[in-house]
Amino acid sequence: PGTYVCAKCGHELFSSRAKYEHSSPWPAFTETVHEDSVSKRQERPGALKVSCGKCGNGLGHEFLNDGPKREQSRF
């Protein structure tokens, strides 16, 4: 339980309340802690490249419409 932060700068990214089990080997979250927790840019249809909103450290992807509920994203 708690808050997941950027390994590089400590900026708050995700809450354990938004974490869920997914078939991927990576932690999966439905939403960020703050609106400015991450920055996003289009990488390909259905996937956004995600970086720390403070320092720009690479965090992976946001997969659109791949969350546990309909129309939810998976980080």
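The values are calculated or read from the model by the stated rules, or taken from the named source; none is laboratory data. A quick note: this is a predicted structure, and the numbers were derived from the prediction, not measured. No Cβ is skipped: glycine too gets one built from the backbone with ideal geometry, and neighbour counts run over all protein chains shown. All accessible areas refer to the heavy atoms of the entire protein, side chains included, with ligands and DNA or RNA removed. Shrake-Rupley method; radii C 1.70, N 1.55, O 1.52, S 1.80 Å.
So here's what we get for this one:
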quantity: The range 3-63 - percent of accessible surface contributed by carbon and sulfur, probe 1.4 Å; calculated: 48
quantity: Reach of K54 by Cα under 14 Å, taken over aspartates and glutamates that are not fewer than 8 positions away in the same chain; calculated: E12, E35, D36
quantity: Shape of the chain, Cα gyration tensor, a/c cut at 1.5; calculated: oblate
quantity: Segment A47-N65, length gained on full extension (0.36 nm per residue, minus Cα span); calculated: 5.5 nm
quantity: Proximal lysines to K69, defined as alpha-carbon separation beneath 28 angstrom and excluding residues fewer than eight positions away on the same chain; calculated: K19, K40, K49
quantity: Where the chain is the region considered: accessible area per residue in Å², 1.4 Å probe; calculated: 69
quantity: Rel. contact order, % - alpha carbon contacts under 8 angstrom, at least six apart, the chain; calculated: 23
quantity: Rough spin-label spacing in nm, given labels placed 7 Å along Cα→Cβ, for Y20 and D36; calculated: 2.9
